[in-house]
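Heads up, the thing below is written out as structure tokens.
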Amino acid sequence: MCDKVIMIKEEDVDVQIKEEEIEVEQETTFFSEMEGMYSQQEKRSLSPPFHKNIPESKRQWPGKNNSGQQTSSTASPTFGHLVNNTRNTQQLTTQTKQVVMNVHDFFRSQNQLVSESDLEIKVAAATGISVRSVQRVKRQAKEGRLLSPPLVRTRQSPVLGSIDDFVEGCLRKEILSFYERGEIPTLDALLEIVKEPPVHFQGGRTSLHKIIKNIGFQYTRITGGRQILIEEKDIVTSRCNFLNVLDDNRNSSSPRSEVYIDETFVCQKEFEGTIGPKFKKKKMKYVIVHAGGEKGFVSGGLHVFKPQINNRGHYKDMVTPQCFQIWFKDQLLPNIPNNSLIIMDSAHWHSNIVNKVPNTNMKKNSIIQWLQENNIAHDKTVSKSELLHIVNSYKEKLYDIDLLAKNCGHEVVRLPPHHNHLNPMVLIWHQVKSEIKKKSQDGQALQTLEEIIKDIVTSITEKDWRICMHHSRKMGEEYKNKDKAVNCMLEKFLHQL
């Protein structure tokens, strides 16, 4: 009788094994069909039939262990050993979480009697994530929030983040000085020079290469296969055009007034010293917008304000195009001489485009309408690509600030890219911030930061402005000489090849 009972149990085990194999084959077919639902970044290796992952000697079926002894039927050894128990630091996106829930729902539809814990183990084994992650996804799905994790923002290198307009200008002049000396600039030679005053560069070769690439230098292969460090053509052309406009104005019989515009910000920590009142909001910033020329700051042009802060405590745009346009129209244009040259950089709040140029995302009728509004000859019967080719040959960006200035009899001239050091206001702002720190350290910080800023800006004299403008003119002359040296050196080098 005992032998019969044992034989019946073994037959039941064989039947159960066959049922498990059929179920596994169905699940494998399902996963192969669902594999396309994963993105390239999220695709996971789906498990083959579970019983094939385990050697015959280590298989353990329900009801028996490897020694032939009876085991508890409450455990799920068939899938428990396949669970990924290692810590997975990869964040799951919304799409991946949805796939996990789809797998969970599929298993539940196949077997309504399986316990939730066993079902979680099967889902974890099938998707390659941990059981805890499956439980977390289920909890989020129940709450209705299968959200992707926030993007991890990489911290900027302290060396790269400390580079200002002054350092960029020094690096540019040092690179061009190689050509004046009749040498070809190399990264190693430049690194040795910029470690000395006035730059005091603290980074290495890799950081220096990133910086000079950001300011518009690149290695160009010339005849003979050699690569040399050359400034981008667009930047050289823009600088030459800018300097020519200023030279033509200064050499004319009736030169126009040059009005320079710039913005800066002052942080609260720059104001606090060891003496004087302390403030709780140490990260509070004030934005300063102003303009000036040889006769000093423009009367009534000072604008000091606190920028907006979002819910996370981060500053939005320091200056918005709308804010700058109001200041430009109400505080600058009425207070500058007639027929002035207004000089500024190409910040996005200075460059709000009025005439949006058509692109490939626009309909053909919209492109035709733009061509008609700009009085550009075209044929309506040609293709959209041909119309865009016509647009590219005639397009010219118009900025709202330029139109405002033109309507009042002024002209806007923009600085070349990465050449803010040609703006004398960069030196003026340096002087203002130095005075703020000096007042803080001397124990004179009895006023609010905004009042201190206004007092110091008012104390800047015409003499200070003339000194700064003379320095910017001197740098412009140096650039013209360096450009000539670069052209001569390259011609000589190519002739030797």
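Of note:
- Applying the criteria of a DSSP loop state and at most 11 other Cβ atoms within 10 Å to the trypsin sites (Lys or Arg not before Pro) of the range 376-405 yields 380, 397.
- Label-point separation, residue 326 to residue 220 (7 Å along Cα→Cβ), nm: 4.5
- Extended-chain gain in nm, criterion 0.36 nm per residue less alpha-carbon gap, residue 305 and residue 430: 43.1 nm
- Residues of the range 396-430 falling in the label zone of residue 252, defined by backbone nitrogen less than 17 Å from a point 7 Å along Cα to beta-carbon, are 405-414.
- Spin-label model distance (nm) - residue 142 vs residue 245, 7 Å beyond Cα toward Cβ: 6.5
- Coupling constants for the range 182-189 follow from the phi torsions by the Karplus curve (6.51 cos²θ - 1.76 cosθ + 1.60, θ = phi - 60°), and in residue order they are x, 10, 9, x, 10, 5, 5, 5 Hz; glycine and proline get x.
- Rounded to 0.05, the FRET efficiency of the residue 488 and residue 346 pair, given R0 = 30 Å and the Cβ-Cβ distance, is 0.50.
- GluC sites (Glu not before Pro) restricted to the range 159-268 and DSSP loop, no more than 14 other C-beta within 10 Å: 183
- Structure note, pairs 329/463; 233/329; 395/454: Cα-Cα distances above 32 angstrom occur for 233/329; 395/454.
- Alpha-carbon centroids, the range 210-254 and the range 450-477: separation in whole Å: 27
- Computed from phi, the 3J(HN,Hα) profile of the range 170-176 under the Karplus parametrisation 6.51, -1.76, 1.60 (θ = phi - 60°) reads 5, 4, 5, 5, 5, 5, 5 Hz, with x in place of Gly and Pro.
- Against the empirical curve 2.2 N^0.38 Å, the C-alpha radius of gyration of the range 160-231 lands at a ratio of 1.08.
- Applying a threshold of 19 Å to the alpha-carbon distances of 285/439; 363/384; 210/492 flags 210/492 as lying beyond it.
Bear in mind these aren't lab numbers, they're just calculated from the coordinates by the rules spelled out. In this text, all values refer to a predicted model and were calculated from it rather than measured experimentally. Because the Cβ atoms are built from the backbone with ideal geometry, glycine has one as well, and the counts that use them run over all protein chains shown.
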